[in-house]
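Before any comments, here is the structure.
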Amino acid sequence: MKMRSALVVAGAMAVAPMIGHADDFEESVCCVSTDDHSPCLAEKTDVVGYRECPGYGTWGNNLRDTYVFLDVGVTMRHYAWRGDVKGAARSSSPVSSTEGAADEAFLFDERVGFLLTRGLYTAIDFELGDVSDARPTNPSAHAIVVDGLVSLGLRGGLGPFVLRGELAGGVMAASSTTRDLPTEAMFEARGRADLWLSPWVTIGAAAGASLIRQGDWLAGLYLGFHTWSFGGDRW
Amino acid sequence: MRVLAATVVLAGCGYQSGSFESPVRQFSGSLVTVDCLDIAIDRRSDLPDGHAVVSYTFGNRCDHPVLVDLSQVAVLGRDSEGKSFELAAYDPRHEIEALRIDGRAVGGEAIAYESEQSPQQICIDAGGITHAPTVAWLCIGSRPLLTEVP
């Protein structure tokens with residue numbers, strides 16, 4: 001149920017960024033100067049030289065700008081449990097619990113990224129969700145988790161797929177009525193595989209593991225929206 | 001699931017090569033393919049100031065960006081006696097420039113052409129739009145005709 005509702009929300013959020021390709025949306029953005037994004041007023045003619053707005057060549061605007069992508073989806077995070085964390089939270093040391101329990105979090109994930117050079121990209125991740133408390137004494141407790149990460153990665157096209165590998169670092173904070181979970185650092189390695197559904201839309205899956213906390217891992221599904229067709233991989 | 005499907009559809013399928021169809025652009029007039037570009041060229045009604053108007057609609061058949069240069073296209077007018085004369089694009093703000101259109105994307109422009117006499121027929125070298133080495137003259141009169149320019 002969590003996964004289904006997360007997908008629905010992710011889909012709704014994803015309608016917003018229908019950005020940039022050709023002149024599909026040129027009627028709603030504009031103007032004569034590419035730096036001027038004031039709204040266009042309806043004009044009597046669309047003939048160049050007679051119309052003020054939009055300017056010539058809006059169909060080429062997306063290629064004037066840097067390639068940007070937006071991924072929207074859901075991520076499941078698995079936190080290896082580290083015993084009673086009250087006051088101490090999870091430590092950065094390896095798992096010390098002997099109970100074998102773990103916390104599971106389902107998070108909405110939104111990330112925006114852009115190319116630094118061909119094949120090298122950076123992205124900013126924001127995740128928000130719910131984590132279940134696996135302590136045996138309180139199995140029904142929940143906490144809200146929010147985290148933000150910056151990632152740096154390499155990407156390459158492979159037929160209809162895009163493969164990506166990245167390192168991400170950031171911080172996570174959690175809030176619970178029953179448990180004190182202070183902010184803690186995150187550093188993880190992730191792999192991603194995206195399939196092109198259309199020239200500007202991908203569906204993808206991600207998997208990764210923490211590099212500083214043994215036993216923590218993540219898996220995710222997402223839709224990706226791209227300002228350049230095929231992410232510029234087929235130039 | 002329906003939301004997901006609708007999202008994908010709304011976000012746009014790419015232009016299908018040779019289709020001359022797009023949900024956001026109507027490909028009207030004479031159709032021609034030059035390299036990666038499917039082009040529709042149509043003549044509209046002349047403007048009140050006498051300028052002839054030609055609409056260009058184009059779809060990129062390829063997955064990579066291609067050049068679209070409407071500034072260097074050779075455009076000729078013909079009078080009722082068949083005499084040819086050059087037409088110049090009306091571009092008071094010097095907007096018309098060579099740009100790239102993204103892979104599988106569509107676009108279009110309507111450009112006015114000025115001349116001392118009103119052309120009965122307008123002939124356009126569509127090959128010039130992509131800087132193709134071959135010429136592809138397209139002549140549009142009262143009804144679109146494909147002809148060779150002498």
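Every number in this text was worked out from the coordinates using simple rules, so none of it is lab data. Since the structure is predicted, the reported quantities are computational estimates derived from the model, not experimental observations. Cβ placement follows ideal geometry from the backbone for every residue including glycine, while neighbour counts extend to all protein chains displayed.
Considering every residue in A:44-53, what mean count of other chain Cβ atoms within 10 Å of its Cβ is obtained?
6
Taking B:82, B:29, B:59 as the candidate residues, the one with maximal mean-square fluctuation in a Gaussian network model of chain B, Cα springs under 10 Å, is B:82. The packing ranking, built from the mean of other Cβ atoms within 10 Å per residue, places the peptides B:118-126, A:148-156 in the order B:118-126, A:148-156, highest first. The GNM of chain B, with springs linking C-alpha atoms under 10 angstrom apart, assigns the highest mean-square fluctuation among B:47, B:70, B:37 to B:47. Per residue of A:58-69, other chain Cβ atoms within 10 Å of the residue Cβ number 4 on average. Calculate, in nm to one decimal, what residue A:163 and residue A:212 gain on full extension: separation in residues at 0.36 nm each, minus their alpha carbon distance. Residue separation times 0.36 nm, minus the Cα-Cα distance, leaves 15.2 nm.
Within 10 Å of each Cβ in peptide B:94-101, how many partner chain Cβ atoms are there on average? Round it to a whole number, please. Spell out each step's value before the answer.
On the way: counts 2, 7, 4, 3, 2, 8, 7, 9.
Per residue, the average neighbour count from other chains is 5.
For chain B, treating each Cα as an identical point scatterer without solvent, what Debye log10 I(q)/I(0) comes out at q = 0.11, 0.12, 0.13 1/Å? For chain B at q = 0.11, 0.12, 0.13 Å⁻¹, log10 I(q)/I(0) is -0.44, -0.52, -0.59.
This model, with +1 at the C-beta of Lys and Arg and -1 at the C-beta of Asp and Glu, gives chain B a dipole about its Cα centre of some 640 debye. Note on segment B:25-44 and segment A:148-177: Cα centroid distance 42 Å, given to the nearest whole angstrom.
Peptide packing for B:91-100, A:194-203 was compared via the average number of neighbouring C-beta atoms within 10 Å per residue; ordered from the highest value, the list is A:194-203, B:91-100. Relative to the longest principal axis of the Cα atoms of chain B, the long axis of helix B:2-11 makes an angle of roughly 30 degrees.
Mind giving me the FRET efficiency for residue A:205 and residue B:74? R0 is 51 Å, r the Cβ-Cβ distance, nearest 0.05 is fine.
Using R0 = 51 Å, I get an efficiency of 0.50.
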